[in-house]
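The block underneath contains the structure these notes are about, expressed in structure tokens.
The values are calculated or read from the model by the stated rules, or taken from the named source; none is laboratory data. Quick caveat: nothing in here was measured; it's all calculated off a predicted structure. Cβ: placed from backbone, ideal geometry, glycine included. Neighbour counts: every protein chain shown.
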Amino acid sequence: MSKLFYKSTRGTDSRIRSSEAIIRGIASDGGLYVPDFIPEIDRPLNSLSQLDYSELALYIMCKFLTDFTTGELKYCIGRAYDSKFDSPLIAPLVEKDGTFFLELFHGPTLAFKDMALSILPHLLTTAAKKNGIDKEIVILVATSGDTGKAALEGFAGVKGTRIIVFYPKNGVSIIQERHMTTQTGENAHAVAIKGNFDDAQSGVKQVFSDRKVSEVLSKNGYIFSSANSINIGRLIPQIVYYAYAYLTLKKSGKLKENEKINIVVPTGNFGNILAAYYAKKMGLPVGRLICASNENNVLYHFINTGVYDRKRKLIVTSSPSMDILVSSNLERLLYDISGSSPDTVNGLITDLSRKGEFKITADMKSRMADFYGGFATDKETFDTIKYVWDSFNYLIDTHTAVAYNVYRKYVKESGDKSKTVVVSTASPFKFPGSVSQAIDNKYAGMDEFSLLETLSGISGQEIPKAIKDIGSRKVLHGTVCKASQMKDIIWNILGI
């Protein structure tokens, strides 16, 4: 098997082993690590379709994480995809009216982030041992809702690590916030900031790229890493479930030989759909990649015009995990469509920083032909939840509703009837207020914790164990700060 190395999208770091890239999280120049080539699927699809989720994860991760031994990866995968998921399939595929919903919310925090954040702590600690690191690893996370809890859950109690999550005080759902603020574990910390997700993400990136901060950390026995999707240890595991979805359809006889599928992804930070793009580049038979945005539709605008413009007010929507104006993972796509040009990426990122926007060339835009961008308003999101419930007796959350709404617009506009996988990124029980109100407006304004019971009664489904008693859990984290105070908070937590 060919050795695969990682390099920065901005050109400084090159030929970094995967274990080193996972530990660092972000490159020294502020860029993101990308593989120096995308490995190909080299086994017949019919053969791969016989693998279960963990076996497929091992096959794919072995190709990207080439300095890990097979035994090390088996250990990490075994610790990740176990009984903490409430479905033995890990990522079930549910068919409704000819569309296939890929349910990625069966993990401990009821969101797709569990698919990668269940394994990242084990990859990270294994990588640290491989590289002889004896410092305590401090995980910094900015979250728009779901990543925070999934990261806290994954790293809580993991020896040799501390995790600090920053989230926008009024930018996540009540359930999401309570999930984070009740997290147990002496090494786990959740901090609210007065601002939005972009403020939190920018603050974390600034701390990462500050060499003086890194020097102080090192002197005190610490090293930074990230659990956001800027970390390739988050991104690579996400490729697995796209391959699993296709192979599940293949095994069930739903697909003809080499028949392509379309994939619809609700995304704000672009990582989830980038993983689908990498799966396609590996050789998975994928047609269109349908990027679904909410009213913060910078990605929709970019895909359709080639202009990325963050000079707009962030809108707080019913799909808060997508309330993002600066999509970090887009940088990896820019690197790819620029022909792997760090100079081009640096120029675009500089324009975004200084001018609040950038424009790609016509040639770069032509390399994005596989992408389709659409968006849904909050009204359309609510209408879609009700439509799916009334039509198919199937409950979806707000983010999945954005995806399905955009998918229906795409079919109407294009006439493309290809078999399609819609990525269902969160459980409807994670957003009981919005989902209940969408079904019947009489639930508007009711307490979200009591609405869990209401939603259970409506759907006939039990409240997931992960949030069954969430309303009565003791709040353990109550710190609130300004974005400008994030570094001070980190120092206080670490006792520096």
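In summary, F358 fulfils each of the numbered conditions (1) in contact with a Leu (Cβ under 8 Å, 6 or more places away or on another chain); (2) surrounded by fewer than 16 Cβ atoms within 10 Å (Cβ to Cβ); (3) not hydroxyl-bearing (S, T, Y) with the single exception of condition (2).
Rundown of residues vs (1) within 20 Å of P35 (Cβ to Cβ); (2) buried (at least 22 other Cβ atoms within 10 Å of the Cβ), yes/no style:
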position: Y335; (1), (2): yes, yes
position: S338; (1), (2): yes, no
position: N346; (1), (2): yes, no
position: R354; (1), (2): no, no
position: A362; (1), (2): no, no
position: A369; (1), (2): no, no
position: Y372; (1), (2): no, yes
position: T381; (1), (2): no, yes
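Return the residues of segment 125-154 that are more than 21 Å from K430 (Cα to Cα), assigned to a helix (DSSP H, G or I) and not small (G, A, S); say none if nothing qualifies. Residues satisfying the conditions are T125, T126, K129, K130. Take the residues in segment 227-257 that are of a type in the set (A, V, I, L, M), touching a helix residue (DSSP H, G or I) at 6+ places or on another chain (Cβ under 6 Å) and outside any helix (DSSP H, G or I); name whichever of them is surrounded by the fewest Cβ atoms within 10 Å (Cβ to Cβ). Only one residue tops the list, namely L255. Taken together, the residues in segment 155-179 that are in a helix (DSSP H, G or I), touching a Gly at 6+ places or on another chain (Cβ under 8 Å) and free of Cβ contacts under 8 Å to residues at least 60 places away in the same chain amount to 0. Against the condition free of Cβ contacts under 8 Å to residues at least 12 places away in the same chain, assigned to a helix (DSSP H, G or I) and within 21 Å of A128 (Cβ to Cβ), how does G78 come out, does it pass? The answer is no for G78.
The residue list K7, K3 contains one member that is outside any helix (DSSP H, G or I) and within 23 Å of S341 (Cβ to Cβ), which is K7.
The number of residues in segment 387-405 being assigned to a helix (DSSP H, G or I), farther than 22 Å from D323 by Cα and either of a type outside the set (S, T, Y) or free of Cβ contacts under 8 Å to residues at least 12 places away in the same chain (or both) comes to 5. If you filter segment 9-18 down to residues that are touching a helix residue (DSSP H, G or I) at 6+ places or on another chain (Cβ under 7 Å) and surrounded by fewer than 24 Cβ atoms within 10 Å (Cβ to Cβ), you find that the one that is farthest from L334 (Cα to Cα) is G11. Residues in segment 103-158 that are within 17 Å of the chain's Cα centre (by Cα) and basic (K, R) were compared, and the one that is modelled with the highest pLDDT is K113.
If only residues of segment 22-60 that are closer than 28 Å to S252 by Cα and of a type in the set (S, T, Y) are counted, the one that is surrounded by the most Cβ atoms within 10 Å (Cβ to Cβ) is Y53.
Among the residues of segment 135-144, at least one is crowded, with 21+ Cβ neighbours inside 10 Å, closer than 30 Å to V406 by Cα and not aliphatic (A, V, I, L, M). Examine segment 84-107 for a residue that is without any contact (Cβ under 8 Å) to a residue 60 or more places away in the chain, surrounded by fewer than 24 Cβ atoms within 10 Å (Cβ to Cβ) and among the aromatic types (F, W, Y), and state whether such a residue exists. There is at least one residue in segment 84-107 that is without any contact (Cβ under 8 Å) to a residue 60 or more places away in the chain, surrounded by fewer than 24 Cβ atoms within 10 Å (Cβ to Cβ) and among the aromatic types (F, W, Y).
Residues K442, K430: which one is basic (K, R) and closer than 22 Å to I273 by Cβ? Result of the check over K442, K430: K430.
Only one of the numbered conditions (1) in contact with a helix residue (DSSP H, G or I) (Cβ under 8 Å, 6 or more places away or on another chain); (2) at positive phi is violated by F68, and that is (2). Of the listed requirements (1) on the phi > 0 side of the Ramachandran plot; (2) surrounded by 20 or more Cβ atoms within 10 Å (Cβ to Cβ), G445 misses just one: (2). For I493, the requirement of being touching a strand residue (DSSP E or B) at 6+ places or on another chain (Cβ under 7 Å), assigned to a helix (DSSP H, G or I) and surrounded by fewer than 24 Cβ atoms within 10 Å (Cβ to Cβ) is met. Scanning segment 359-386 for residues that are in contact (Cβ under 8 Å) with a residue 12 or more places away in the chain, under 20 Å from D323 (Cα atoms) and not small (G, A, S) returns Y372, F375, T377, D378, E380, T381, F382, D383, T384, I385. Applying the set (1) modelled with pLDDT of 95 or more; (2) surrounded by fewer than 24 Cβ atoms within 10 Å (Cβ to Cβ) to I290 leaves exactly one unmet item: (2).
The listed residues are A401, A438, A426, and the only one of them that is surrounded by 19 or more Cβ atoms within 10 Å (Cβ to Cβ), among the small types (G, A, S) and closer than 30 Å to F224 by Cβ turns out to be A426.
Go through segment 29-75 and give me each residue that's in a loop (DSSP other than H, G, I, E, B), among the small types (G, A, S) and under 20 Å from the mean Cα position of the chain (by Cα). If the condition is that a residue be in a loop (DSSP other than H, G, I, E, B), among the small types (G, A, S) and under 20 Å from the mean Cα position of the chain (by Cα), then G30, G31 are the ones that fit.
Each row is one residue, and each column tells you yes or no for (1) touching a residue at least 60 places away in the same chain (Cβ under 8 Å); (2) assigned to a helix (DSSP H, G or I).
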{"position": "K412", "(1), (2)": "no, yes"}
{"position": "D416", "(1), (2)": "yes, no"}
{"position": "V423", "(1), (2)": "yes, no"}
{"position": "F429", "(1), (2)": "yes, yes"}
{"position": "V435", "(1), (2)": "no, yes"}
{"position": "S450", "(1), (2)": "no, yes"}
{"position": "E453", "(1), (2)": "no, yes"}
{"position": "S456", "(1), (2)": "no, yes"}
{"position": "Q461", "(1), (2)": "yes, no"}
